[in-house]
Each structure stands twice: as structure tokens, then as C-alpha cells.
Amino acid sequence: MDHQEPSVRHFDHCPWLFAEDATEEQRLAQRERQRAIDGDSEIGERCYVAESAAVFPDRLRLGAGSYIAAHAYVTGELATGADCTLNPFTTVRGAVALGDGVRIGAHTSLLGFNHSMDPDRPVFRQPLTSRGIKIGDDVWIGSHVVVVDGVTVGDHCVIGAGAVVTKDLPAWTVAAGNPARPVRDRRDTPPPPAVGTDLSRFADTARAQAPDLLARCWDGERYVDRPGAAPTVRAHCDAVEIADLLLDSAPGQLAADEHRGRLAALQDPGTGLVPEFGESLPDDGFPGEGAALYHVLCVGYALDLLGVGLPHPVRGVQEMTVPQLVARLEELPWRDGAWGAGAWIDSWATAAHWNLRRPQGGGTEPGAPEALFGWLLTRADPWTGMWGVPSPGAGRLQVVNGYYRLTRGSFAQFGLPVPHPERVVDAVLDHARDTRYFGTGRENACNVLDVAHPLWLCTGQLGTGAGGAGYRTAEIRAWAERQLALALTRWRDGRGFGFGPGTAGPGPEPGLQGTEMWLAIVWLLADLLGRSDELGYRPRGIHRPDAARGGAGDQRGPDG
């Protein structure tokens with residue numbers, strides 16, 4: 001194929017290539033473009049102004065080595081230092097001054113003016129005001145940021161994508177969010193990346209201390225999440241998961257047969273559900289919420305790790321017809337409770353999995369699993385690959401956390417590809433920048449797991465997993481590296497991991513739930529970095545990375 005010279009359209013979108021790749025004819029045309037700009041304008045050497053950019057300034061001072069890229073919109077008074085970039089679709093209006101080396105991401109707006117809002121006249125007749133925007137040297141402003149009139153951004157700041165900057169930011173601030181808030185000082189040393197020996201040392205420590213942390217949570221009769229807490233079904237299951245992962249055995253407080261007998265006896269023969277200790281079961285077949293839903297997962301997988309299955313089928317799933325299933329799916333709280341909706345599907349699909357494994361057959365009504373996947377595939381949002389709607393108050397939290405629960409029990413457990421994996425990566429990485437949940441010291445096990453697993457699932461499906469160069473791999477690896485380094489610091493000798501700060505879940509006190517979840521998270525993060533082999537363990541229970549089935553219609557028995 002003959003080499004083709006880059007076109008003007010190409011340079012408009014990639015103006016950094018112009019200095020080296022443009023022909024002499026294109027350079028002459030660019031000089032004409034710059035001379036044709038209206039208003040009082042001075043443009044330095046090695047600058048580029050896109051032909052498709054709408055540049056109509058009253059006054060323009062463009063420093064040497066700067067560019068205005070495709071479809072940017074510039075009015076008012078703009079003054080830049082050297083080496084500044086206005087990337088595609090940037091809007092700069094009013095009075096805006098940039099220092100040297102300012103990078104402005106695509107679709108960002110610097111609005112150095114405002115309208116009055118007096119009640120005596122319509123908004124469109126209000127006078128304009130302008131205090132101006134000042135951006136210091138060496139500043140990086142991400143994509144889709146809005147900076148409002150009157151703001152000063154100090155030297156060396158970094159502003160995360162999607163932020164809305166309404167107040168001044170001092171020098172060296174890393175800021176994110178709406179409204180933008182400081183996340184850290186850019187000069188602070190970030191958590192060190194985990195080095196090769198850290199993972200193996202961590203795993204060796206966890207194995208050595210596992211017997212003590214399990215014994216710590218045994219009250220003499222039953223397991224508790226942490227000393228002083230009430231016994232729960234989940235605590236017993238978490239103990240089984242931890243012992244299997246780290247010790248390759250059942251917890252030492254009981255013989256393996258006793259563990260199997262106790263857990264199997266918890267299942268109600270009539271419904272196939274497992275109530276919490278001291279609680280009764282709902283009488284609606286298959287409930288919409290409550291502990292019994294999660295017990296389908298944790299008791300089922302604990303017994304699976306112990307080498308047996310649930311003794312009875314889950315009747316509400318076994319007997320639910322396709323029309324009943326579809327009606328339940330439609331009724332789930334997708335708009336304001338996407339996590340709950342995903343949790344219900346996780347439990348229903350897991351119950352179907354256990355039922356289908358029964359050698360006696362009769363796991364579900366004919367076509368029910370296929371109806372579930374058909375409904376999910378046709379309802380996934382093609383822009384995000386997810387189900388549910390973000391909210392102003394919680395952002396993407398419900399949607400992303402619900403996505404993890406939904407896909408864990410359905411697509412991942414049944415070994416089926418998720419729809420729109422690239423869009424899922426986009427949505428999950430966007431959520432992972434939300435400082436309300438991922439600011440320093442705010443991460444809990446649920447929120448980190450619910451980002452790590454979708455990223456792991458989608459990168460594996462896209463063929464861009466550990467060490468590969470693929471869709472947003474560098475960003476995924478950077479996030480995983482940071483979270484892994486932080487996670488390893490949370491281990492407490494002899495006690496394990498706490499769930500996380502605040503009042504969410506069981507809280508910060510180390511216990512069985514936090515330990516079980518963070519051990520799985522550490523594996524997922526390490527595997528995203530191509531280093532999970534250093535741990536010497538691989539989750540096999542609820543948080544197993546491998547599919548438990550071969551597809552929606554797989555009817556294999558327990559050894560299949």
C-alpha cells in the first residue's frame with residue numbers, strides 16, 4: 001500500500017503530529033488559518049489551530065508549541081503559556097489564562113463568565129459577569145471537566161475526569177468529583193507497588209495465622225464473624241472458605257463430617273432455603289430479599305468445598321415457570337435498587353445451578369435458565385453493558401455493585417460471555433474514580449471486589465488479561481496495583497482483614513467476612529497484574545474465578 005500523507009482532518013484530531021509530519025503545503029495552509037483568526041490575536045511558533053475548531057476570540061495569545069484541536073470552541077479572552085493543549089471538543093469562553101504546560105482533556109469546559117440571576121428579568125436578558133479563570137503551570141485537566149468562573153487552579157494540579165471545579169485549588173492538589181474535592185497532594189509518595197516477594201510473604205503469613213484467626217471466631221459452639229458478635233450462618237461458611245483457601249482442609253474446630261452435617265441440617269426440606277439462626281423463612285416461594293438469599297450462595301458453596309451438595313432442591317426456583325420468572329425480573333428495583341436486583345438474580349441463578357447439579361434431575365422448569373439469559377441480554381444498556389440507572393446521590397455505586405452480583409451468579413458462574421465488555425470496563429473505571437468510595441481510606445471489601453471482578457471478567461473475555469496490551473489495560477493495571485498495595489497493608493496479625501471503614505457491612509474490626517472477601521480480592525487484583533501464582537492459592541468458593549457450569553442448559557451432575 002502506498003504511504004498516504006496525513007490529512008488536515010487527521011492533524012485536527014492529532015495536532016501533536018503536525019510539527020513532524022505536515023507537508024510544506026499544509027504548513028502554509030496552517031499559517032493562513034492562523035492569520036485568518038478574527039480579533040486581537042498573537043500565535044507563537046510551532047502552534048496549531050484546527051481547521052474545524054470554532055475560534056472567535058476578542059483577544060488570543062497562544063504560547064509557543066501550543067495547539068487548539070478539532071471542534072474546540074474558543075471565545076472571549078484566552079491567553080496561554082508555552083506547550084498548552086486544548087484537546088478535541090474543548091470549550092473555552094470568557095476570560096481564561098493558562099500557564100505553561102497545561103493539558104486540557106477532550107470535552108472539558110473552562111467557563112470564565114457567568115449570567116446574573118436577578119428575579120426581575122428573564123435569564124436571557126441578564127447581564128454577563130466575568131471574574132476569569134486562572135490556571136497555573138504544569139496542570140493536567142482530565143476529560144469532561146467543568147471549571148466555573150472565578151476559579152484559580154494552582155501550579156502542578158491534576159483534576160480527574162468528570163470533575164466540576166467550583167472553588168480554588170492550591171498548588172499540587174489532585175482533585176476529583178462533583179463538586180471537585182482534594183484527593184491528595186501530588187507530591188505525596190503513592191503507596192509502593194507490591195514487589196515480587198510481598199505476595200508470597202503475605203500468603204505465607206496468612207496460612208500460618210489462619211488456624212488462630214479461625215479459632216478466634218469460634219465461641220465454643222458456633223462461628224461468629226468476630227469476637228463478641230452473634231453466631232451467623234455466613235460466619236460458618238466464611239470459616240469453611242478461609243480454611244479451604246489457605247489450609248486446604250476443613251476448619252479445625254470440627255471434623256469435616258460434622259461441618260457437613262451441621263450445614264446440611266440448616267436447609268429447610270420444604271423450601272430448600274436456609275434461614276438465619278433464630279429466624280423464620282418467608283412464605284413467598286423464593287424471597288425478594290433477606291439472609292436466606294445469600295445463604296443459597298454461601299451454604300451451597302461451603303458444602304461444595306466440603307465435597308457434598310445441598311440435600312434438597314430450592315423449590316421456589318425449581319417450580320418457577322418462565323412467565324413467573326420474567327415477571328419477577330421486570331419487577332426488580334432496577335431504577336433505585338440495582339444492587340438488590342443483581343443480588344436476587346445471583347441467588348436465583350445459583351439456586352438453579354445447585355438444582356441442575358442434582359443427579360435426580362428436575363432442576364428448573366424447562367427453558368427457565370435460557371429465559372433468564374435472554375432477558376438479561378436484551379435489557380443490558382449498550383452504552384454501559386450494565387443493568388440499572390445511576391443516581392445523583394450515589395453515582396454508579398448501585399449499578400456497578402449490582403453488576404458484580406448479577407454477573408457472578410449468571411454469566412460468570414454459567415461460563416457465558418457478558419454483553420458489551422468494553423463498555424463495562426469504561427463504566428467500572430469511571431466508578432472507580434469516585435472518591436466517595438475510593439478516596440484514601442474509604443475503600444471497603446464490597447466496593448473493591450465489585451470493581452475488581454468485573455474488570456477481571458471483562459479483560460479475560462476481551463483477551464487483554466494479565467500482561468496483555470489491550471483495551472485500557474494500563475489504567476486497569478494501575479488501579480489494580482494501587483488497590484493491591486493498599487490491601488496488603490490491611491492485614492492484622494492473628495485477626496485477618498476487616499471489611500472496611502465506617503458502618504457498612506460488619507465494619508472495620510477484623511473478622512471472617514472481611515478476611516474471606518479480601519483474600520479473594522487480593523487474588524483478583526494479583527491476577528489482573530499477572531502475579532496470582534505468587535499467592536499459591538486460587539478461590540474455589542463463592543468468589544471462584546472459574547465457571548462452575550458449561551452454559552445455561554448444562555445438565556451435568558455434581559462431578560461434571
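Counting only residues that are of a type in the set (A, V, I, L, M), in a helix (DSSP H, G or I) and surrounded by 21 or more Cβ atoms within 10 Å (Cβ to Cβ), how many does the stretch 402-431 have?
Residues meeting the conditions: 6.
Taken over the stretch 54-91, the criterion of being within 14 Å of F11 (Cβ to Cβ) and aromatic (F, W, Y) is satisfied by Y67 alone.
Going by the structure shown, is P119 farther than 26 Å from P88 by Cβ and in a loop (DSSP other than H, G, I, E, B)? Yes: the conditions hold for P119.
Looking across the stretch 377-399, the residues that are more than 14 Å from P421 (Cβ to Cβ) and either buried (at least 22 other Cβ atoms within 10 Å of the Cβ) or modelled with pLDDT of 95 or more (or both) come down to T378, R379, W387, G388, R396, L397, Q398, V399. Taken as a whole, the stretch 221-232 holds no residue that is among the polar types (S, T, N, Q) and either within 29 Å of the chain's Cα centre (by Cα) or within 21 Å of R544 (Cβ to Cβ) (or both). Restricting attention to the stretch 48-59, does a residue exist that is surrounded by fewer than 20 Cβ atoms within 10 Å (Cβ to Cβ) and in a loop (DSSP other than H, G, I, E, B)? Within the stretch 48-59 (the criterion being surrounded by fewer than 20 Cβ atoms within 10 Å (Cβ to Cβ) and in a loop (DSSP other than H, G, I, E, B)), the answer is yes, since at least one residue qualifies.
Looking at G502, is it outside any helix (DSSP H, G or I), in contact with an Asp or Glu (Cβ under 9 Å, 6 or more places away or on another chain) and surrounded by fewer than 17 Cβ atoms within 10 Å (Cβ to Cβ)? Taking the combined requirement at face value, the residue does not satisfy it. Is it the case that some residue within the stretch 310-324 is acidic (D, E) and either assigned to a helix (DSSP H, G or I) or closer than 23 Å to H236 by Cβ (or both)? No, there is no match, as no residue in the stretch 310-324 is acidic (D, E) and either assigned to a helix (DSSP H, G or I) or closer than 23 Å to H236 by Cβ (or both).
Among the criteria (1) in contact with an Asp or Glu (Cβ under 9 Å, 6 or more places away or on another chain); (2) outside any loop (DSSP other than H, G, I, E, B); (3) closer than 16 Å to K134 by Cβ, the one L110 does not fulfil is (1). Screening the stretch 438-454 for residues that are under 18 Å from N178 (Cβ atoms) and in contact with a Lys or Arg (Cβ under 9 Å, 6 or more places away or on another chain) and picking the one that is surrounded by the fewest Cβ atoms within 10 Å (Cβ to Cβ) gives R442.
Could you look through the stretch 292-302, keep only residues that are under 11 Å from W354 (Cβ atoms) and in contact with a Phe, Trp or Tyr (Cβ under 9 Å, 6 or more places away or on another chain), and pick out the one that is surrounded by the most Cβ atoms within 10 Å (Cβ to Cβ)? If we take residues in the stretch 292-302 being under 11 Å from W354 (Cβ atoms) and in contact with a Phe, Trp or Tyr (Cβ under 9 Å, 6 or more places away or on another chain), then V296 is surrounded by the most Cβ atoms within 10 Å (Cβ to Cβ).
Taking the stretch 122-147 as the range and being within 20 Å of I68 (Cα to Cα) and assigned to a loop (DSSP other than H, G, I, E, B) as the test, the residues that pass are G132, G136, D137, D138, V139, G142, S143, H144, V145.
If you go through the stretch 263-308 and keep only what is part of a helix (DSSP H, G or I) and either over 31 Å from the mean Cα position of the chain (by Cα) or of a type in the set (A, V, I, L, M) (or both), you end up with L263, A264, A265, A291, A292, L293, V296, L297, V299, A302, L303, L305.
Note on the stretch 142-153: residues that are modelled with pLDDT of 95 or more and closer than 20 Å to A82 by Cα total 2. The set of residues from the stretch 191-219 being outside any helix (DSSP H, G or I), at pLDDT below 95 and surrounded by fewer than 20 Cβ atoms within 10 Å (Cβ to Cβ) comprises P191, P192, P193, V195. For the stretch 265-321, residues that are in contact (Cβ under 8 Å) with a residue 12 or more places away in the chain, hydrophobic (A, V, I, L, M, F, W, C) and either touching a Pro at 6+ places or on another chain (Cβ under 9 Å) or outside the structural domain of A352 (by TED's automatic domain parsing) (or both) total 9.
Candidates G393, G385, G363: the one that is in contact with a Cys (Cβ under 9 Å, 6 or more places away or on another chain), in a loop (DSSP other than H, G, I, E, B) and not hydroxyl-bearing (S, T, Y) is G385.
The values are calculated or read from the model by the stated rules, or taken from the named source; none is laboratory data. All values derive from a computational prediction rather than experimental measurement. Note that we place each Cβ from the backbone using ideal geometry, even for glycine, and neighbour counts take in every protein chain shown.
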